[in-house]
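A.B. asks: Take a look at the following structure, please.
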Amino acid sequence: MSEDTGKIQDLASAIKRLARPGASIALGLGLEGFVPFAAVHEIMRQNIGRLTLIGPISNIPFDQLAGAGLVERVIAAWVGNVSTGLGHCYRRAVEKGFPRPLEVINHSNFSVGLALEAGARGLPLAVSQSPLGSDIVRDNPHFMHMECPFSGRKLLAVKALKPDLAIIHTQRADAQGNAMCWGAVGISRQAAYAAERVLITCEEIVPGEVIRADPDRTLVPGFLVDAVCEVPWGAHPAPVQGYYGLDNAMYVDYSQSTRDPHQAEKWFGEWVHGVKNREEYLAKLGRSRLNDLMVKHPARGGSVEYGW
Amino acid sequence: MSNYTKKEMMALAAGRLVRNGDVLFAGTGLSMLAATVAKRVHAPDATVFFETGGIDPSLEELPLAVADPRVMVGTAMNSGLIEAFSILGHRRLRSIAFLGAAQIDPYGNINSTVLGGYPKPKVRFPGSGGACDAASLAHAVIIFMQHERRRFVEQLDYLTSPGWLQGGDSRQRAGFKRGGPLAVVTNLGIMKFEEETKRMYLAEVYPGVAPEQVAENTGFEVDISRAVVAQDPGEDELYTLREKVDPQRLILG
């Protein structure tokens, strides 16, 4: 296969091509790390709306997109701010319908993962015990009570999820889209296989042989990937294993700045709409802040013999 | 005056409930302290693991968030979320999960989703995350709560994570194979659940706390007649917690 498959794109073009208005998008799949913030902010700049967002502990991108009025529905286990708790924009959307009403399909982390895994396998449902007994299943079109046909045991049928698009941030990818990821990958793999389209943003695009020298770390094979965007610091303020840690101050600042809707507007104006792209965002953060987040305690992985 | 803080007492009280060999599903904050101090004081063969799938990290420095890269370093295995819950629910393992919540009822069911009516809530919290899964799958659950009337309620506004459901054998009848809350560790003492009815009662108060104080701060009727005074933290426990587990007082404050 040739190296140039045309999958490498700049982020703005890839978002324009793959994130359509009204789409269901899975993101924030690494639980709290690898959050594709650069891609989320690009969606906000392009004002792509009527979205359905799918994720486990989804962190603040769901809050940001809801605050921007771009979300119609969330299918998620947790929407908030991992450093401070409450998501203020999410609260306003659910409690007051501001800036627009938001439909919430509650899930638990495991059930979102299983629903995506079922989607990946082309099945209509997953079977699970959790969230049996929880109000999550009450009036929830994604869960049905069922009995095991073998044992009669009480279980839940969980509706499969097949997002239109999964956006996944990784450390590395090659031109074919083979994406390499290590650390807390959460349910990124299940989502990549379940989705109709996959957009990879990565810290670095590397030659194919780098991936092929260590293929056990490949998260998703290139033939399932539709676009690869090199976006250094693309997950900031979330962490990326081996590249940078969590920028707690940013989460705290975001929380304080979004308590009030006008302040939230200002925050989006400053950090999303006030910058043209990720380079400008990084310039605004400043080199010393980024330096502070870089790896201070190196712990290199081992290398193994694959030969015969 | 005691020479330790409420937070230290809570971490140690929860840690004492851990047995050697337990598999501990930790979040951050107090649960991290409880799991780590138990491992270093009396349960060296306990294993700490995270929802991220990081199993047995070195914990030389405490992670500040589940997303902290320290959770995935020096581990015996880095897996994913599906594997983490498969481990939590594994029939061979005595797994213990630590949870917190906004509300708890007499049977240890907890709410972390909304205050007020669901369709038009007064406060929308982030939601279950993995809490409901942990409450469903773990061998046992330890719940941390601030002891306030508005948090200990007869009727939850929303049942996010199942405890003993309506008490008695209702959990089993609902389809659960195992699990249920073991204890509620609060800033006043330790609540446990009656063998038969599965209703919460006061098992231990911390030194200096009157059982009546617990009753006053509980929004439902609670049996305080059996309460004993919890053992003061031992010097070795405090030393380990302060000097070995969290020397920078990142969580202890």
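A.B. asks: I'd like the residue in segment A:169-210 that is assigned to a strand (DSSP E or B) and hydroxyl-bearing (Ser, Thr, Tyr) and, out of all such residues, is nearest to the other protein chains (Cβ to nearest Cβ).
C.D. replies: By that ranking, first place goes to A:Thr170.
A.B. asks: Right, something else. Has segment B:113-130 got any residue that is within 21 Å of A:Ser128 (Cα to Cα) and in a strand (DSSP E or B)?
C.D. replies: no
A.B. asks: Select from segment B:42-83 the residues that are out of contact with any strand residue (DSSP E or B) (no Cβ under 8 Å at 6 or more places or on another chain), more than 9 Å from chain A (Cβ to nearest Cβ) and closer than 24 Å to A:Ala115 by Cα and list them in ascending order.
C.D. replies: B:Glu83
A.B. asks: Quick test for you: out of B:Ala135, B:Ala84, B:Ala97, pick the one residue that is of a type in the set (A, V, I, L, M, F, W, C), touching a residue at least 24 places away in the same chain (Cβ under 8 Å), crowded, with 24+ Cβ neighbours inside 10 Å and in a strand (DSSP E or B).
C.D. replies: So the residue among B:Ala135, B:Ala84, B:Ala97 that is of a type in the set (A, V, I, L, M, F, W, C), touching a residue at least 24 places away in the same chain (Cβ under 8 Å), crowded, with 24+ Cβ neighbours inside 10 Å and in a strand (DSSP E or B) is B:Ala97.
A.B. asks: Let me ask something else about it. Would you check which residues across segment A:23-43 are more than 14 Å from chain B (Cβ to nearest Cβ) and part of a helix (DSSP H, G or I) and list them?
C.D. replies: A:Ala38, A:Ala39, A:Val40, A:His41, A:Glu42, A:Ile43
A.B. asks: Conditions: (1) more than 27 Å from B:Ser170 (Cα to Cα); (2) outside the structural domain of A:Glu204 (by TED's automatic domain parsing). A:Pro141 meets all but one. Number of the miss?
C.D. replies: In the conditions (1) more than 27 Å from B:Ser170 (Cα to Cα); (2) outside the structural domain of A:Glu204 (by TED's automatic domain parsing), A:Pro141 misses (1) alone.
A.B. asks: Continuing with this model, one more query. All but one of (1) within 18 Å of the chain's Cα centre (by Cα); (2) farther than 21 Å from A:Ile25 by Cβ; (3) within 14 Å of chain B (Cβ to nearest Cβ) hold for A:Asp216; state the number of the condition that does not hold.
C.D. replies: So A:Asp216 meets the others, but not (1).
A.B. asks: Any residue that is within 14 Å of chain A (Cβ to nearest Cβ) and either surrounded by fewer than 19 Cβ atoms within 10 Å (Cβ to Cβ) or modelled with pLDDT of 95 or more (or both) - is there at least one of those in segment B:201-210?
C.D. replies: No, because not a single residue in segment B:201-210 is within 14 Å of chain A (Cβ to nearest Cβ) and either surrounded by fewer than 19 Cβ atoms within 10 Å (Cβ to Cβ) or modelled with pLDDT of 95 or more (or both).
Yes/no per residue for (1) in a helix (DSSP H, G or I); (2) farther than 25 Å from A:Gln46 by Cβ:
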{"site": "A:Cys229", "(1), (2)": "no, no"}
{"site": "A:Gly234", "(1), (2)": "no, no"}
{"site": "A:Ala238", "(1), (2)": "no, no"}
{"site": "A:Gly242", "(1), (2)": "no, yes"}
{"site": "A:Val252", "(1), (2)": "yes, yes"}
{"site": "A:Gln256", "(1), (2)": "yes, yes"}
{"site": "A:Arg259", "(1), (2)": "no, yes"}
{"site": "A:His262", "(1), (2)": "yes, no"}
{"site": "A:Phe268", "(1), (2)": "yes, no"}
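A.B. asks: Still on this structure, please answer the following. How many residues does segment B:87-96 contain that are within 12 Å of another protein chain (Cβ to nearest Cβ) and either farther than 15 Å from B:Thr47 by Cβ or touching a strand residue (DSSP E or B) at 6+ places or on another chain (Cβ under 6 Å) (or both)?
C.D. replies: Selection size over segment B:87-96: 2.
A.B. asks: Out of A:Ile211, A:Ile168, A:Ile187, A:Ile200, which single residue is in contact with a strand residue (DSSP E or B) (Cβ under 8 Å, 6 or more places away or on another chain), assigned by TED's automatic domain parsing to the domain that holds A:Gly30, within 20 Å of B:Ala67 (Cβ to Cβ) and free of Cβ contacts under 8 Å to residues at least 40 places away in the same chain?
C.D. replies: Values: A:Ile211 fails: within 20 Å of B:Ala67 (Cβ to Cβ); A:Ile168 fails: free of Cβ contacts under 8 Å to residues at least 40 places away in the same chain; A:Ile187 fails: free of Cβ contacts under 8 Å to residues at least 40 places away in the same chain.
It is A:Ile200.
A.B. asks: Condition (residue is over 28 Å from B:Leu137 (Cα atoms) and in contact with a Pro (Cβ under 7 Å, 6 or more places away or on another chain)) applied to segment B:202-209: is it met by at least one residue?
C.D. replies: Yes; the residues of segment B:202-209 include at least one that is over 28 Å from B:Leu137 (Cα atoms) and in contact with a Pro (Cβ under 7 Å, 6 or more places away or on another chain).
A.B. asks: Now a separate question. Can you tell me how many residues within segment A:227-257 are surrounded by fewer than 20 Cβ atoms within 10 Å (Cβ to Cβ) and among the small types (Gly, Ala, Ser)?
C.D. replies: Residues flagged as surrounded by fewer than 20 Cβ atoms within 10 Å (Cβ to Cβ) and among the small types (Gly, Ala, Ser) within segment A:227-257 amount to 4.
A.B. asks: Just one of B:Gly163, B:Gly179, B:Gly167 is touching a Ser or Thr at 6+ places or on another chain (Cβ under 7 Å), closer than 19 Å to A:Ser134 by Cβ and crowded, with 22+ Cβ neighbours inside 10 Å; which is it?
C.D. replies: B:Gly179
A.B. asks: I want to confirm something. Restricting to segment A:258-278 and keeping residues that are more than 14 Å from chain B (Cβ to nearest Cβ), surrounded by fewer than 22 Cβ atoms within 10 Å (Cβ to Cβ) and among the basic types (Lys, Arg), which single residue is farthest from the chain's Cα centre (by Cα)?
C.D. replies: Among those residues, the one meeting the criterion is A:Lys266.
A.B. asks: Going residue by residue through segment A:281-294, is there one that turns out to be surrounded by fewer than 13 Cβ atoms within 10 Å (Cβ to Cβ) and touching a residue at least 40 places away in the same chain (Cβ under 8 Å)?
C.D. replies: yes
A.B. asks: Can you name every residue in segment B:46-81 that is part of a strand (DSSP E or B) and over 17 Å from the mean Cα position of the chain (by Cα)?
C.D. replies: Taking segment B:46-81 first, the residues part of a strand (DSSP E or B) are B:47-49, B:54-55, B:77-78.
Across segment B:46-81, the qualifying residues are B:Gly54, B:Ile55, B:Met77, B:Asn78.
The values are calculated or read from the model by the stated rules, or taken from the named source; none is laboratory data. From a predicted model like this one, the values you see are computed outputs, not experimental measurements. Cβ: placed from backbone, ideal geometry, glycine included. Neighbour counts: every protein chain shown.
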